[in-house]
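Data first, discussion second: the structure below is written as structure tokens.
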Amino acid sequence: MSDLYQEILIQRETPFVNKLIKAALIVFTVLLVIVAFLLHPLLLVAAVIFGCVSFFYLIPKLEVEYEYLYVNGELDIDVIYSKQKRKKVASYNVNDLEILAPERSHALDAYRNRNLKVRDFSSGKEGAKTYLFVFNTDKGQEMLKAEPGEIILNDMRRLAPRKVNLM
């Protein structure tokens with residue numbers, strides 16, 4: 001038996017709100033520096049602290065990529081901020097899969113009525129081929145929105161044929 005390894009990188013489309021937040025942080029930092037020079041030099045310390053927090057902690061969180069790593073029935077999802085910082089956010093096993101179907105499939109109607117929290121790890125682009133996964137976890141059922149490739153979908157179908165709906 002051969003091992004299946006698949007890695008997919010999904011660039012999340014930056015929402016308009018995030019672009020607006022980024023611009024507001026930059027403008028506010030510049031204004032704070034100008035005001036500090038005009039009024040009181042002590043305000044310059046506050047401007048530098050605000051600028052550092054903005055540029056090193058807040059702005060990098062606004063650009064997001066997701067990496068799906070699939071190895072023999074294990075799906076690991078990492079989030080990458082500004083192509084610099086990586087954080088593992090989720091790990092799932094195909095054995096815990098309840099159902100997998102395209103986002104608009106009627107096979108998911110019973111799960112939509114349960115008001116499960118949806119964890120969105122998709123690109124957010126219009127027309128992207130997104131799928132919804134429902135996994136049984138320690139905390140109950142969890143719904144996951146993602147854009148896996150054909151290789152991952154076919155292997156999950158091979159491992160759990162009754163739980164995977166690709167139509």
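Could you name the lysines in cross-link range of Lys19, using Cα to Cα under 19 Å and dropping any fewer than eight places away on the same chain? List returned: Lys61, Lys83, Lys125. In terms of accessible area, using a 1.4 Å probe and ignoring ligands and nucleic acids, Arg104, Arg119 rank largest first as Arg104, Arg119. Taking Asn72, Asn115, Asn154 in turn, the Gaussian network model of the chain (Cα-Cα springs below 10 Å) assigns the largest fluctuation to Asn115.
Residues of the stretch 57-96 with backbone nitrogen within less than 16 Å of a virtual label 7 Å along the Cα-to-Cβ line of Thr137, please, listed as ranges. Within reach of a label on Thr137: 67-69, 74-79, 87-96. Here the stretch 3-158 is treated with +1 on each Lys and Arg Cβ and -1 on each Asp and Glu Cβ, and its dipole about the Cα centre works out to around 600 debye. Based on the convex hull around the alpha carbon atoms, the chain presents an average projected area of 12.4 nm².
The Cα-based radius of gyration of the stretch 8-62, divided by its Kirkwood radius, gives an Rg/Rh of 1.15. In the stretch 14-167, taking the dipole from charged Cβ atoms about the Cα centre, the farthest positive-side position among Val79, Asn95, Leu159 is held by Val79. With all protein chains in place and ligands, DNA and RNA left out, the 1.4 Å accessible area ranks Met167, Met143 as Met167, Met143, largest first.
How high is the relative contact order of the chain? Use alpha-carbon pairs under 8 Å, at least six apart in sequence, and give a whole percent.
Details: 261 pairs, mean separation 36.2, N = 167.
22 percent.
Pairs exceeding 27 Å between alpha-carbon atoms, taken from Lys22/Lys139; Lys22/Lys129; Lys87/Lys117: Lys22/Lys139; Lys22/Lys129. Within the accessible surface of the chain, defined with a 1.4 Å probe on protein heavy atoms only, the carbon and sulfur portion equals 59 percent.
Give me the accessible area per residue for the stretch 14-166, probe 1.4 Å, as a whole number in Å². Let's see the in-between values first.
Details: 9320 Å² over 153 residues.
Ligands and nucleic acids excluded, the result is 61 Å² per residue.
Helical content of the chain, expressed as a calculated mean residue ellipticity at 222 nm, amounts to -9000 deg cm²/dmol (DSSP H runs of 4 or more residues, -39,500 (n - 2.57) each, divided by residue number, nearest 500). Annotation for the stretch 94-146: GluC sites (Glu not before Pro) lying in DSSP loop with at most 11 further Cβ atoms inside 10 Å of their Cβ are Glu126. Modelled spin labels at Phe16 and Leu58, positioned 7 Å past Cα toward Cβ, are 2.1 nm from each other.
Once you sort the root eigenvalues of the Cα gyration tensor of the stretch 91-167 as a ≥ b ≥ c, which label holds: rounded (a/c under 1.5), prolate (a/b larger than b/c) or oblate (the other case)? If you can, show how the numbers build up before the last one.
Working: a/c = 1.34, a/b = 1.04, b/c = 1.30.
Judged from the Cα gyration tensor, the stretch 91-167 comes out rounded (a/c under 1.5).
Largest accessible area first, the residues His106, His40 order themselves as His106, His40 under a 1.4 Å probe with ligands, DNA and RNA left out.
What number, in percent, do you get for the relative contact order of the stretch 1-58 if the mean sequence gap of Cα pairs under 8 Å and at least 6 apart is divided by its residue count? Walk me through the numbers on the way to the answer.
Numbers: 20 pairs, mean separation 14.2, N = 58.
Relative contact order for the stretch 1-58 comes out at 24 percent.
Pairs of Cα atoms under 8 Å, at least six residues apart: use those to get the relative contact order of the stretch 26-97, whole percent. Don't skip to the answer; put the middle values down first.
Numbers: 84 pairs, mean separation 13.8, N = 72.
Here the relative contact order equals 19 percent.
The values are calculated or read from the model by the stated rules, or taken from the named source; none is laboratory data. Predicted model, so just to flag it, every value in this text is computed and none were measured. Positions of Cβ are generated from backbone atoms using ideal geometry, with glycine treated the same way; all protein chains shown enter the neighbour counts. Accessible surface is based on the protein model in full, side chains and every heavy atom, while ligands, DNA and RNA are left aside. Shrake-Rupley method; radii C 1.70, N 1.55, O 1.52, S 1.80 Å.
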